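Worksheet: one structure, shown below.
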Amino acid sequence: MKMKKMMLPAAISAVTLALSASAMAATWKMATGDAAGGTQYELGTKFAELIEEKTDGDIKVNIFPNSQLGSEQDTVNNASMGMLDLSIVAINNITPFSPTVGVLTLPYVIQSAEDAKKLTQGEIGDQMTENTIRDAGVRILGWAYSGCRRLTNSVKPVATPEDLDGLVIRVPKNEIMIAAYQAWGVNPNPLAWSETFTALQQGVVDGQDNPYITIDAMKFYEVQDHVTDSCYVFSLEPLIMGEGQFQSLDPEMQQAVLDAGKEATEHSFEYLLETEADIKDKLVNEHGMTITEPANDEKEWIEQATQIWPDFYDSIGGKEKLDQALEALGREPAPSK
Ligand code: MLT
(Lines give C-alpha, C1' and ligand atoms only; values in the text may rest on other atoms or scores of the structure.)
Protein backbone atom coordinates (compact mmCIF):
# COMPACT_ATOMS: atom_id res chain seq x y z
CA MET A 1 0.00 0.00 0.00
CA LYS A 2 2.71 2.33 1.01
CA MET A 3 4.53 1.45 -2.14
CA LYS A 4 1.45 2.14 -4.26
CA LYS A 5 1.16 5.64 -2.73
CA MET A 6 4.77 6.36 -3.55
CA MET A 7 4.41 5.18 -7.12
CA LEU A 8 1.41 7.37 -7.92
CA PRO A 9 3.21 10.74 -8.32
CA ALA A 10 5.93 9.01 -10.36
CA ALA A 11 3.32 7.47 -12.62
CA ILE A 12 1.57 10.84 -13.02
CA SER A 13 4.79 12.61 -13.85
CA ALA A 14 5.67 9.94 -16.42
CA VAL A 15 2.29 10.47 -18.06
CA THR A 16 2.76 14.24 -17.94
CA LEU A 17 6.19 13.94 -19.53
CA ALA A 18 4.89 11.67 -22.26
CA LEU A 19 2.00 14.07 -22.89
CA SER A 20 4.19 17.15 -23.00
CA ALA A 21 6.69 15.38 -25.28
CA SER A 22 3.92 14.43 -27.67
CA ALA A 23 2.44 17.94 -27.49
CA MET A 24 5.87 19.27 -28.46
CA ALA A 25 6.52 16.78 -31.23
CA ALA A 26 5.47 18.24 -34.54
CA THR A 27 6.09 18.23 -38.24
CA TRP A 28 6.48 21.74 -39.59
CA LYS A 29 5.66 22.69 -43.17
CA MET A 30 8.25 24.74 -45.00
CA ALA A 31 7.52 26.43 -48.34
CA THR A 32 10.19 27.35 -50.87
CA GLY A 33 9.52 29.33 -54.02
CA ASP A 34 12.35 27.64 -55.91
CA ALA A 35 12.53 24.08 -57.12
CA ALA A 36 14.55 21.50 -55.17
CA GLY A 37 18.26 21.80 -55.85
CA GLY A 38 18.82 25.53 -55.37
CA THR A 39 20.08 27.62 -52.48
CA GLN A 40 16.64 27.86 -50.85
CA TYR A 41 16.37 24.09 -50.76
CA GLU A 42 19.92 23.73 -49.46
CA LEU A 43 19.21 26.13 -46.58
CA GLY A 44 15.88 24.42 -45.90
CA THR A 45 17.25 20.88 -45.82
CA LYS A 46 20.14 21.94 -43.59
CA PHE A 47 17.77 23.70 -41.19
CA ALA A 48 15.50 20.62 -41.17
CA GLU A 49 18.42 18.33 -40.38
CA LEU A 50 19.69 20.60 -37.60
CA ILE A 51 16.36 21.22 -35.88
CA GLU A 52 15.58 17.53 -35.88
CA GLU A 53 18.99 16.82 -34.34
CA LYS A 54 18.70 19.62 -31.75
CA THR A 55 15.23 18.50 -30.61
CA ASP A 56 16.05 14.78 -30.53
CA GLY A 57 13.61 14.17 -33.34
CA ASP A 58 10.67 16.06 -31.80
CA ILE A 59 10.56 18.56 -34.65
CA LYS A 60 10.60 17.39 -38.23
CA VAL A 61 10.31 19.63 -41.26
CA ASN A 62 8.59 18.79 -44.55
CA ILE A 63 9.70 20.96 -47.43
CA PHE A 64 7.25 21.89 -50.20
CA PRO A 65 9.34 23.32 -53.04
CA ASN A 66 8.39 25.09 -56.25
CA SER A 67 5.69 27.40 -54.82
CA GLN A 68 3.41 24.41 -54.05
CA LEU A 69 2.12 26.33 -51.02
CA GLY A 70 1.53 29.58 -52.90
CA SER A 71 3.56 32.43 -54.35
CA GLU A 72 6.46 33.67 -52.22
CA GLN A 73 4.50 36.78 -51.25
CA ASP A 74 1.49 34.63 -50.27
CA THR A 75 3.68 32.52 -48.00
CA VAL A 76 4.87 35.63 -46.13
CA ASN A 77 1.23 36.42 -45.38
CA ASN A 78 0.43 32.84 -44.45
CA ALA A 79 3.40 32.55 -42.08
CA SER A 80 2.46 35.83 -40.47
CA MET A 81 -1.12 34.63 -39.90
CA GLY A 82 0.04 31.30 -38.40
CA MET A 83 -1.20 29.26 -41.37
CA LEU A 84 2.30 28.14 -42.41
CA ASP A 85 5.24 27.22 -40.18
CA LEU A 86 8.21 28.25 -42.29
CA SER A 87 9.02 29.73 -45.68
CA ILE A 88 12.13 30.68 -47.63
CA VAL A 89 11.59 33.61 -49.97
CA ALA A 90 13.73 36.10 -51.86
CA ILE A 91 14.19 39.30 -49.85
CA ASN A 92 12.58 41.27 -52.68
CA ASN A 93 9.35 39.41 -51.92
CA ILE A 94 9.42 40.61 -48.29
CA THR A 95 10.09 44.26 -49.17
CA PRO A 96 6.44 44.98 -50.06
CA PHE A 97 5.49 44.00 -46.46
CA SER A 98 8.48 45.56 -44.74
CA PRO A 99 9.90 48.33 -46.95
CA THR A 100 12.98 48.97 -44.77
CA VAL A 101 14.56 45.70 -45.95
CA GLY A 102 14.63 47.42 -49.35
CA VAL A 103 18.10 48.65 -48.44
CA LEU A 104 19.29 45.13 -49.34
CA THR A 105 17.55 45.34 -52.73
CA LEU A 106 18.78 48.76 -53.82
CA PRO A 107 20.79 48.24 -57.01
CA TYR A 108 24.57 47.94 -56.66
CA VAL A 109 24.68 48.16 -52.85
CA ILE A 110 25.70 44.51 -52.29
CA GLN A 111 28.42 43.53 -54.74
CA SER A 112 29.63 40.16 -53.48
CA ALA A 113 28.86 37.24 -51.16
CA GLU A 114 31.17 38.80 -48.58
CA ASP A 115 29.19 42.07 -48.70
CA ALA A 116 25.98 40.08 -48.30
CA LYS A 117 27.37 38.30 -45.26
CA LYS A 118 28.53 41.55 -43.64
CA LEU A 119 25.10 43.14 -44.01
CA THR A 120 23.06 40.16 -42.84
CA GLN A 121 25.17 38.92 -39.96
CA GLY A 122 25.73 42.11 -38.01
CA GLU A 123 23.85 45.03 -36.59
CA ILE A 124 22.10 45.68 -39.91
CA GLY A 125 20.84 42.09 -40.14
CA ASP A 126 19.54 42.35 -36.57
CA GLN A 127 17.67 45.54 -37.50
CA MET A 128 16.15 43.76 -40.53
CA THR A 129 14.93 40.98 -38.26
CA GLU A 130 13.33 43.46 -35.84
CA ASN A 131 11.74 45.40 -38.69
CA THR A 132 10.22 42.38 -40.39
CA ILE A 133 8.75 41.25 -37.05
CA ARG A 134 7.27 44.71 -36.53
CA ASP A 135 6.02 45.29 -40.09
CA ALA A 136 5.29 41.85 -41.48
CA GLY A 137 4.81 39.64 -38.40
CA VAL A 138 7.55 37.24 -39.49
CA ARG A 139 10.94 36.52 -37.93
CA ILE A 140 14.03 35.98 -40.06
CA LEU A 141 15.76 32.85 -38.73
CA GLY A 142 18.45 32.49 -41.36
CA TRP A 143 19.62 33.50 -44.80
CA ALA A 144 20.28 31.76 -48.07
CA TYR A 145 23.03 33.44 -50.04
CA SER A 146 22.10 32.85 -53.66
CA GLY A 147 24.53 35.05 -55.61
CA CYS A 148 24.20 38.03 -57.93
CA ARG A 149 21.10 38.29 -60.06
CA ARG A 150 22.06 37.77 -63.72
CA LEU A 151 19.85 38.94 -66.54
CA THR A 152 18.69 36.18 -68.90
CA ASN A 153 16.68 36.42 -72.11
CA SER A 154 15.64 34.35 -75.09
CA VAL A 155 16.30 36.91 -77.83
CA LYS A 156 19.79 38.41 -78.00
CA PRO A 157 23.02 39.11 -76.14
CA VAL A 158 22.64 42.14 -73.86
CA ALA A 159 25.75 44.14 -72.93
CA THR A 160 24.41 47.66 -72.40
CA PRO A 161 21.17 49.12 -71.02
CA GLU A 162 20.30 50.18 -74.62
CA ASP A 163 20.33 46.51 -75.60
CA LEU A 164 17.25 46.02 -73.41
CA ASP A 165 15.27 47.98 -75.96
CA GLY A 166 12.44 45.81 -77.32
CA LEU A 167 12.73 43.14 -74.61
CA VAL A 168 9.93 42.38 -72.16
CA ILE A 169 11.59 41.58 -68.85
CA ARG A 170 9.85 39.96 -65.90
CA VAL A 171 10.64 41.45 -62.50
CA PRO A 172 9.34 40.55 -59.04
CA LYS A 173 6.48 42.69 -57.72
CA ASN A 174 8.99 44.99 -56.11
CA GLU A 175 9.03 48.74 -56.62
CA ILE A 176 12.79 49.09 -56.38
CA MET A 177 13.46 46.50 -59.07
CA ILE A 178 10.77 47.96 -61.31
CA ALA A 179 12.38 51.41 -60.91
CA ALA A 180 15.84 50.03 -61.75
CA TYR A 181 14.63 48.74 -65.11
CA GLN A 182 12.81 52.00 -65.75
CA ALA A 183 16.10 53.81 -65.13
CA TRP A 184 17.59 51.60 -67.86
CA GLY A 185 14.86 52.77 -70.22
CA VAL A 186 12.37 49.89 -70.25
CA ASN A 187 9.09 49.12 -68.55
CA PRO A 188 9.40 45.67 -66.98
CA ASN A 189 6.55 43.26 -66.38
CA PRO A 190 6.01 42.54 -62.64
CA LEU A 191 4.99 38.90 -62.17
CA ALA A 192 4.90 36.49 -59.24
CA TRP A 193 7.82 34.07 -59.13
CA SER A 194 5.45 31.11 -59.36
CA GLU A 195 4.30 32.35 -62.80
CA THR A 196 7.71 33.16 -64.20
CA PHE A 197 8.76 29.89 -65.86
CA THR A 198 5.45 29.58 -67.73
CA ALA A 199 5.59 33.22 -68.82
CA LEU A 200 9.10 32.69 -70.21
CA GLN A 201 8.09 29.44 -71.86
CA GLN A 202 5.03 30.94 -73.51
CA GLY A 203 6.91 34.05 -74.63
CA VAL A 204 4.74 36.37 -72.53
CA VAL A 205 8.07 37.78 -71.35
CA ASP A 206 11.50 37.50 -72.99
CA GLY A 207 13.70 37.59 -69.93
CA GLN A 208 14.15 37.83 -66.17
CA ASP A 209 16.99 38.08 -63.66
CA ASN A 210 18.09 35.61 -60.98
CA PRO A 211 21.35 34.02 -59.78
CA TYR A 212 23.14 31.21 -61.63
CA ILE A 213 22.13 28.64 -59.02
CA THR A 214 18.47 29.62 -59.36
CA ILE A 215 18.63 29.64 -63.18
CA ASP A 216 19.92 26.07 -62.95
CA ALA A 217 17.50 24.84 -60.24
CA MET A 218 14.52 26.28 -62.13
CA LYS A 219 15.76 24.87 -65.48
CA PHE A 220 15.50 28.30 -67.08
CA TYR A 221 18.13 27.14 -69.60
CA GLU A 222 15.29 25.28 -71.30
CA VAL A 223 13.63 28.58 -72.22
CA GLN A 224 16.46 31.16 -72.08
CA ASP A 225 19.61 31.32 -74.23
CA HIS A 226 21.48 34.44 -73.14
CA VAL A 227 22.87 35.49 -69.77
CA THR A 228 24.35 38.87 -68.94
CA ASP A 229 26.93 38.52 -66.18
CA SER A 230 25.44 41.41 -64.23
CA CYS A 231 25.37 41.98 -60.49
CA TYR A 232 22.78 44.68 -59.95
CA VAL A 233 21.22 42.99 -56.91
CA PHE A 234 22.58 40.20 -54.74
CA SER A 235 19.89 37.64 -54.05
CA LEU A 236 19.34 37.12 -50.33
CA GLU A 237 16.65 34.67 -49.33
CA PRO A 238 15.59 34.68 -45.70
CA LEU A 239 14.10 31.71 -43.88
CA ILE A 240 11.08 33.07 -42.00
CA MET A 241 8.72 31.89 -39.26
CA GLY A 242 5.55 33.65 -38.11
CA GLU A 243 6.37 35.63 -34.97
CA GLY A 244 3.21 34.28 -33.27
CA GLN A 245 4.47 30.75 -33.74
CA PHE A 246 7.98 31.64 -32.56
CA GLN A 247 6.59 33.23 -29.38
CA SER A 248 4.45 30.13 -28.72
CA LEU A 249 7.60 27.97 -28.40
CA ASP A 250 9.24 27.45 -25.03
CA PRO A 251 12.60 29.21 -24.53
CA GLU A 252 14.64 26.04 -25.15
CA MET A 253 12.85 25.40 -28.40
CA GLN A 254 13.25 29.03 -29.46
CA GLN A 255 16.97 28.71 -28.89
CA ALA A 256 17.12 25.50 -30.91
CA VAL A 257 15.31 27.24 -33.79
CA LEU A 258 17.64 30.26 -33.66
CA ASP A 259 20.76 28.07 -33.49
CA ALA A 260 19.59 25.88 -36.36
CA GLY A 261 18.92 29.01 -38.44
CA LYS A 262 22.36 30.42 -37.69
CA GLU A 263 24.20 27.22 -38.54
CA ALA A 264 22.17 26.68 -41.70
CA THR A 265 23.07 30.25 -42.76
CA GLU A 266 26.80 29.45 -42.44
CA HIS A 267 26.23 26.34 -44.51
CA SER A 268 24.44 28.38 -47.19
CA PHE A 269 27.38 30.77 -47.49
CA GLU A 270 29.85 27.91 -47.97
CA TYR A 271 27.51 26.20 -50.43
CA LEU A 272 27.40 29.31 -52.63
CA LEU A 273 31.19 29.66 -52.67
CA GLU A 274 31.67 25.98 -53.45
CA THR A 275 29.09 25.59 -56.20
CA GLU A 276 28.43 28.83 -58.09
CA ALA A 277 31.38 28.67 -60.51
CA ASP A 278 30.67 25.04 -61.45
CA ILE A 279 27.00 25.79 -62.02
CA LYS A 280 27.91 28.73 -64.27
CA ASP A 281 30.16 26.37 -66.30
CA LYS A 282 27.40 23.80 -66.49
CA LEU A 283 24.91 26.35 -67.85
CA VAL A 284 27.34 27.13 -70.67
CA ASN A 285 28.89 23.75 -71.41
CA GLU A 286 25.98 21.41 -70.76
CA HIS A 287 23.00 23.61 -71.42
CA GLY A 288 24.36 25.84 -74.17
CA MET A 289 23.68 29.25 -72.63
CA THR A 290 25.89 32.10 -73.87
CA ILE A 291 27.32 34.56 -71.38
CA THR A 292 27.80 38.23 -72.23
CA GLU A 293 29.91 40.56 -70.09
CA PRO A 294 28.27 43.92 -69.37
CA ALA A 295 30.03 46.66 -71.39
CA ASN A 296 32.50 49.02 -69.65
CA ASP A 297 32.57 47.01 -66.42
CA GLU A 298 28.85 47.66 -65.98
CA LYS A 299 29.51 51.44 -65.76
CA GLU A 300 26.36 52.68 -67.54
CA TRP A 301 24.18 50.11 -65.76
CA ILE A 302 25.50 51.28 -62.40
CA GLU A 303 25.29 55.01 -63.12
CA GLN A 304 21.71 54.83 -64.35
CA ALA A 305 20.33 52.42 -61.75
CA THR A 306 21.88 54.10 -58.70
CA GLN A 307 20.09 57.33 -59.63
CA ILE A 308 16.95 55.76 -58.16
CA TRP A 309 18.45 55.47 -54.66
CA PRO A 310 17.11 58.83 -53.38
CA ASP A 311 13.57 57.87 -54.45
CA PHE A 312 13.63 55.13 -51.80
CA TYR A 313 15.30 56.92 -48.88
CA ASP A 314 11.94 57.46 -47.18
CA SER A 315 10.74 53.87 -47.58
CA ILE A 316 13.99 52.35 -46.25
CA GLY A 317 13.81 54.52 -43.14
CA GLY A 318 16.00 57.43 -44.25
CA LYS A 319 19.22 57.98 -46.20
CA GLU A 320 21.13 57.18 -42.99
CA LYS A 321 20.06 53.52 -43.31
CA LEU A 322 21.74 53.28 -46.69
CA ASP A 323 24.77 55.18 -45.41
CA GLN A 324 25.04 52.76 -42.50
CA ALA A 325 25.06 49.83 -44.97
CA LEU A 326 27.58 51.53 -47.25
CA GLU A 327 29.83 52.33 -44.30
CA ALA A 328 29.72 48.69 -43.19
CA LEU A 329 30.96 47.84 -46.69
CA GLY A 330 33.74 50.46 -46.53
CA ARG A 331 32.08 52.75 -49.08
CA GLU A 332 31.28 56.45 -49.35
CA PRO A 333 27.90 57.79 -48.12
CA ALA A 334 25.06 57.93 -50.63
CA PRO A 335 24.26 61.16 -52.51
CA SER A 336 21.68 63.49 -50.94
CA LYS A 337 18.25 63.83 -52.57
C1 MLT B 1 12.03 36.34 -57.66
O2 MLT B 1 12.61 36.61 -58.72
O3 MLT B 1 10.85 36.59 -57.42
C4 MLT B 1 12.81 35.60 -56.64
O5 MLT B 1 14.10 36.07 -56.60
C6 MLT B 1 12.82 34.19 -56.98
C7 MLT B 1 13.43 33.31 -55.95
O8 MLT B 1 12.94 33.27 -54.86
O9 MLT B 1 14.39 32.62 -56.23
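The values are calculated or read from the model by the stated rules, or taken from the named source; none is laboratory data. From a predicted model like this one, the values you see are computed outputs, not experimental measurements. Cβ sites come from the backbone with ideal geometry, for glycine too, and all protein chains shown count toward neighbours. Note: areas computed on protein heavy atoms with side chains; ligands, DNA, RNA excluded. Shrake-Rupley method; radii C 1.70, N 1.55, O 1.52, S 1.80 Å.
Annotations
- Taking amide H as placed 1.01 Å from N in the peptide plane, the amide H of Ala36 sits under 5 Å from that of Asn66, each at least 5 places away or on another chain.
- In sequence order, calculated HN-Hα J values of the range 303-317 (Karplus, 6.51, -1.76, 1.60; Hz; x Gly/Pro): 4, 6, 6, 6, 5, 7, 3, x, 5, 10, 4, 5, 5, 7, x
- Over the chain: helical MRE at 222 nm, DSSP H runs n ≥ 4 each giving -39500 (n - 2.57), nearest 500: -14000 deg cm²/dmol
- Axis angle, to the nearest 10 degrees, between helix 39-54 and the longest C-alpha principal axis of the chain: 10 degrees.
- Percent antiparallel among DSSP beta bridges (both partners in the chain, rounded to 5): 55
- The residues of the range 129-184 expose on average 32 square angstrom of accessible surface per residue, using a 1.4 Å probe on protein heavy atoms.
- Here the calculated FRET efficiency for Lys337 and Glu300, from their Cβ-Cβ distance with R0 = 35 Å, stands at 0.95, rounded to the nearest 0.05.
- Between the alpha-carbon centres of the range 273-337 and the range 115-136 there is a gap of 18 Å.
- Over 21 Å between alpha carbons, listed pairs Lys46/Lys262; Lys173/Lys262; Lys60/Lys262; Lys54/Lys118; Lys29/Lys54; Lys219/Lys282: Lys173/Lys262; Lys54/Lys118
- Extension gain for Gln201-Thr27 works out to 59.1 nm (0.36 nm per residue, less the C-alpha to C-alpha distance).
- On the chain, 51 percent of the accessible area sits on carbon and sulfur atoms, based on a 1.4 Å probe.
- The chain: angle of helix 251-285 to the longest principal axis, Cα-based, in degrees nearest 10: 30
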